[in-house]
Each structure stands twice: as structure tokens, then as C-alpha cells.
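The values are calculated or read from the model by the stated rules, or taken from the named source; none is laboratory data. Since the model is a prediction, treat every value here as computed from it, not as a measurement. Ideal geometry is used to build each Cβ from the backbone, glycine not excepted, and the neighbour counts take in all protein chains shown.
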């Protein structure tokens with residue numbers, strides 16, 4: 001993306017492993033990032049460790065100031081956090097990274113009755129908010145190492161323009177963003193996270209990811 005159109009990215013739950021990893025990666029790629037937390041002081045402290053391009057605020061402040069809002073919170077606090085920011089996201093793009101893991105069997109797929117976490121988010125925020133689902137299968141540890149993460153990022157949305165924008169954001173920090181269709185299809189990537197957790201345990205690795213073959217000369221349409 002050119003500098004003139006780069007969105008400000010607000011990461012709700014930005015002090016956690018995934019949120020701070022995404023903040024670090026996008027800041028390194030030249031984006032302005034705002035970390036959100038329930039505690040503004042905690043967010044500001046975390047932001048200070050990530051460089052001048054990253055600032056901190058409470059969740060509502062970060063969501064209000066951002067063009068693209070990324071939800072990087074555990075599924076257990078997912079609904080509550082959405083309730084906090086609902087009033088300030090308007091018609092913004094909200095990127096949901098939530099995976100419906102159910103402890104203690106996090107390596108077993110257990111999707112919600114609604115179909116996916118992303119569909120829950122769309123229902124709670126309303127039709128005017130452009131919900132995108134992505135970054136479920138990106139290793140937080142690899143984000144913190146720096147450089148592009150060696151995996152593809154599946155991106156889902158019922159809004160084509162929003163989906164393509166997030167495909168571009170994914171391509172800044174990982175091998176490639178790949179469109180996967182509408183929000184209903186997000187269930188596949190959310191379920192894949194449990195599979196990858198099982199693979200990580202079985203093969204004693206921390207960064208198993210996914211790659212889509214056959215797209216070397218193709219792009220989103």
C-alpha cells in the first residue's frame with residue numbers, strides 16, 4: 001500500500017502475545033499503530049517498548065482513533081470486548097482474529113453453534129460494520145522474531161473491498177494474504193487453529209502455519 005492511503009491500525013488486546021506481535025510487525029512495515037487495552041497505562045507501557053510508530057490507549061480510545069480495528073482478544077472475553085467498542089466502530093473495518101478454543105481441549109475443534117467467532121462478531125456489531133476475519137493461524141512467536149512470518153493468511157469477509165484491504169495488510173507481515181470467501185467460511189480457519197496446536201505438540205514445534213499452493217501468479221479479483 002502507498003503511504004498516502006495507509007490506514008491507522010488499532011489493535012484491541014494489543015498487549016497480548018498476538019496483538020503485540022501484530023503491532024510490532026505493522027509498525028516495522030511503516031504503519032501507525034495504536035495498542036488498546038482495558039488499562040490505558042498498560043497499553044502505553046507496552047507501546048513504549050515497540051517504538052515511536054506505536055502508541056497506547058484504552059480499548060475505546062484505540063478503536064475510535066483507528067481506521068482499521070483489529071480484535072486480538074481471547075474468545076472468552078470476545079463478546080464483552082465487542083460490547084465495549086461497539087459504539088465507536090461505526091462503519092469501520094473490524095478484523096476479528098478470535099478462535100473459539102475451549103480449554104482444556106484446545107487441540108480439538110469446538111466451533112460455536114453460530115458457526116464461527118466472526119459470525120458472532122458481525123451479529124453483535126451490526127450489518128453496517130465491515131467485519132473481516134483473519135490472522136487465526138499466524139504464530140505470535142514468529143511475529144515477535146521480526147521479518148515476514150512464513151505462512152499464508154486466510155482472509156474472510158462478506159465485504160469484498162474490506163477483504164482485499166486486509167489481504168494487503170496481511171501481505172505486509174506474512175508470506176501472503178489469501179482471500180477465502182465470506183464470513184461463513186471463517187469457520188475453516190478457526191477450526192484449523194486447533195489442528196495446528198495439535199501439530200505443534202505432536203511435532204514439538206511452535207510455529208506451524210499454512211500455505212496455499214498454486215497461486216504463484218494469481219491475485220485477488
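Okay, here's what the table says:
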read-out	value
Criterion: within 24 Å of residue 141 (Cβ to Cβ), free of Cβ contacts under 8 Å to residues at least 60 places away in the same chain and not in a helix (DSSP H, G or I) - qualifying residue of 10, 19, 36	36
Flag if residue 177 is part of a strand (DSSP E or B), closer than 18 Å to residue 9 by Cβ and in contact (Cβ under 8 Å) with a residue 12 or more places away in the chain	yes
Residues (touching a residue at least 24 places away in the same chain (Cβ under 8 Å) and either more than 12 Å from the chain's Cα centre (by Cα) or not in a strand (DSSP E or B) (or both)) located in the stretch 142-159	142, 143, 144, 146, 148, 149, 150, 151, 152, 157, 158, 159
Residue among 162, 170, 189 that is over 25 Å from residue 6 (Cα atoms), in contact with a strand residue (DSSP E or B) (Cβ under 6 Å, 6 or more places away or on another chain) and in a helix (DSSP H, G or I)	189
Residue satisfying condition, being over 15 Å from the mean Cα position of the chain (by Cα) and modelled with pLDDT under 95, within set 5, 54	5
From the options 70, 60, residue that is modelled with pLDDT of 95 or more and outside any helix (DSSP H, G or I)	70
Hits in the stretch 121-141 (condition: touching a helix residue (DSSP H, G or I) at 6+ places or on another chain (Cβ under 7 Å) and assigned to a helix (DSSP H, G or I))	121, 122, 124, 125, 140
Residue within the stretch 99-117 that is over 13 Å from the mean Cα position of the chain (by Cα), touching a residue at least 24 places away in the same chain (Cβ under 8 Å), in a helix (DSSP H, G or I) and surrounded by 18 or more Cβ atoms within 10 Å (Cβ to Cβ) present	no
